1. So which residue, out of 144, 93, 83, gets the largest mean-square fluctuation from a GNM of the chain using Cα contacts under 10 Å as springs?
2. Which trypsin sites (Lys or Arg not before Pro) does the range 160-210 hold that lie in a coil by DSSP with at most 10 other beta carbons within 10 Å?
3. I need the calculated FRET efficiency for the pair residue 38 and residue 12, taking r as the beta carbon distance and R₀ as 25 Å, to the nearest 0.05.
4. Quick check: convex hull of the Cα atoms in the chain, volume per residue, rounded to a whole Å³?
5. What's the angle, to the nearest 10 degrees (0 to 90), between helix 36-45's Cα axis and the longest principal axis of the chain?
6. Just to confirm the number: angle between the C-alpha axis of helix 11-24 and the first principal axis of the chain, 0 to 90 degrees, nearest 10?
7. Relative contact order, percent, of the chain when contacts are C-alpha pairs under 8 Å separated by at least 6 residues?
8. Provide the convex hull volume over Cα atoms per residue for the range 145-205, in Å³.
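Read-outs throughout are calculated quantities, based only on the coordinates presented, and are distinct from any laboratory measurement. These numbers were taken from a predicted model, which means no experiment stands behind them. Cβ atoms come from the backbone with ideal geometry, glycine included; neighbour counts cover every protein chain shown.
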Amino acid sequence: MMRVLIVDDHAILRRGLKALLADEFHGAAFGEASDVRQALEQLQKKEWDVALLDITLPGKNGLDLLKELKVARPKLPVLVLSAHPEDQFAIRALKAGAEGYMTKESAPEELAKAIRKILAGGRYVSPALAEKLALTVGQDSTRAPHETLSDREYEVMCRIASGKTVTEIAGELSLSAKTISTYRARVLEKLGVKNSAEIVRYAIRNGLVI
């Protein structure tokens with residue numbers, strides 16, 4: 001019996017994933033978590049065969065959880081299932097230890113394919129991302145400014161680039177506005193820009209927003 005841990009803060013999505021996977025993997029058992037605390041509790045209580053992890057969670061983000069999860073259960077395959085485009089977080093998720101990354105807009109049959117692949121010891125990325133990764137081989141190793149951002153700074157940058165205010169981002173991430181302002185200041189410094197409008201232009205110019 002396959003045991004699947006689903007970590008996502010949207011109850012409707014968790015229910016939909018359970019229904020979809022129950023059809024593909026008969027007899028599968030499921031666990032749910034809506035935030036980092038619940039996810040870590042589930043990891044302590046039971047053994048899991050695979051975890052589906054959203055990046056955007058209240059408080060500590062999914063990449064932080066992924067790193068903790070890999071320390072606690074280094075052999076547990078993790079598939080990141082995110083609303084963020086691959087260009088934004090896929091490579092960061094894979095570097096943090098994920099066995100696969102797919103967007104929530106992917107076809108349902110791709111989810112089962114991805115899970116089977118990582119359970120077999122492989123890694124899953126979309127054909128488009130695989131091509132992008134291949135094209136980076138042999139290129140100049142000098143990192144772009146946004147690649148020097150921490151995972152949290154990168155997340156804040158993406159939200160600013162999508163038009164969110166500091167207050168809105170603070171509410172979404174369950175952090176104080178002061179903390180978000182600190183991250184914003186670091187983003188401005190590392191990108192070499194002066195304000196949020198220039199963050200938006202930078203993100204568009206580098207294909208970091210859709």
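1. 144
2. Values: sites: 164, 178, 184, 186, 190, 194, 201, 205; in loops: 164, 194.
Filter output for the range 160-210: 194.
3. On the way: r = 17 Å, r/R0 = 0.67.
FRET efficiency, residue 38 to residue 12: 0.90.
4. Details: hull volume 26.1 nm³, N = 210.
Taking the convex hull of the Cα positions in the chain, it is 124 Å³ per residue.
5. Long axis of 36-45 versus the principal axis of the chain: about 30 degrees.
6. 40
7. The value is 16 percent.
8. Numbers: hull volume 4.1 nm³, N = 61.
Per residue, the Cα convex hull of the range 145-205 comes to 67 Å³.
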